[in-house]
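The structure appears right after this line, and notes come after that.
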Amino acid sequence: MEDSPHHVHFDQTVINDGLHDNSIIYQVAPDGRSLMVHLGFLQIKRRYRIELNVPAQLLKNAGFQIGANTGFVVQDNPVPNLNCTLVEFNNQTVLIKDEEHLAVVVEFFAYKEKLVKEHLHLCGKEDASHTLELVLVARVLGKGKGTPMLRNGIHCIGVDPEEQESELSDWQGFGSAK
């Protein structure tokens, strides 16, 4: 079998070993009031729909009474976050690996290259006394740096119009006049 020197090939036994899955990684802060969400690699000037499964125990540890709220919202902030918005967060739990999780949907815009951290401060719709900070972290690849394999639950839903136009343009630039 001939392999092209310009393509990377991964051994399927390594990919399917149970250690290298393609899941979003969650990391709870020691105080239990914030959750780091590692999204992996994304591409610049792309808008993503991210479906998260937040452990219900984390919310309980942060002081939330899940049954006391019909859902959760972004805490009032004088400067809204334009690059990361909460789309949906109700209090319906789902079982994943014998643990209760709450489904959260976030829209995320990868607006710059390198490391991007976006913060969402969430509180209950009816009881805003307790907050949970979601910190979404992504490595954003610049134009021409490749196309990342998106983790499970992350879907590209749009490309910035300026970026899309420049990729699809057939303009050849200024030429010499004859």
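Listed values, structure above:
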item	result
Total residues in the stretch 72-99, condition touching a Phe, Trp or Tyr at 6+ places or on another chain (Cβ under 7 Å) and either under 16 Å from Gln57 (Cα atoms) or of a type in the set (S, T, N, Q) (or both)	3
Hits in the stretch 27-65 (condition: under 20 Å from Glu100 (Cβ atoms) and open to solvent by 60 Å² or more (accessible area, probe 1.4 Å))	Gln27, Val28, Arg33, Glu51, Gln57, Lys60, Asn61, Gln65
Where Leu82 falls short, out of the listed (1) modelled with pLDDT of 80 or more; (2) surrounded by 11 or more Cβ atoms within 10 Å (Cβ to Cβ); (3) not acidic (Asp, Glu)	(2)
Residue list for the stretch 104-124, filter: open to solvent by 40 Å² or more (accessible area, probe 1.4 Å) and either touching a helix residue (DSSP H, G or I) at 6+ places or on another chain (Cβ under 7 Å) or more than 25 Å from Gln43 (Cβ to Cβ) (or both)	His121
Filter result for Gly158 (over 19 Å from the mean Cα position of the chain (by Cα) and open to solvent by less than 40 Å² (accessible area, probe 1.4 Å))	no
Qualifying residue in the stretch 99-107 (condition: over 21 Å from Arg49 (Cβ atoms) and part of a strand (DSSP E or B))	yes
Extreme residue, farthest from Thr85 (Cα to Cα), among residues of the stretch 125-145 that are open to solvent by less than 20 Å² (accessible area, probe 1.4 Å) and under 15 Å from the mean Cα position of the chain (by Cα)	Val140
Those residues of the stretch 90-103 which are open to solvent by less than 80 Å² (accessible area, probe 1.4 Å) and among the polar types (S, T, N, Q), in sequence order	Asn90, Asn91, Thr93
Neighbours by Cβ (under 6 Å, 6+ apart or cross-chain): first from the stretch 141-152, farther than 19 Å from Ile25 by Cα; second part of a loop (DSSP other than H, G, I, E, B) and among the charged types (D, E, K, R)	Gly142/Glu113
Single unsatisfied condition, Arg151 versus (1) in contact with a Ser or Thr (Cβ under 7 Å, 6 or more places away or on another chain); (2) not in a loop (DSSP other than H, G, I, E, B)	(2)
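The values are calculated or read from the model by the stated rules, or taken from the named source; none is laboratory data. Bear in mind the structure is a predicted one, so any value in this text is a computation, not a measurement. Cβ sites come from the backbone with ideal geometry, for glycine too, and all protein chains shown count toward neighbours. When the accessible area is computed, the model is the full protein with side chains, heavy atoms only, and any ligands, DNA or RNA have been set aside. Shrake-Rupley method; radii C 1.70, N 1.55, O 1.52, S 1.80 Å.
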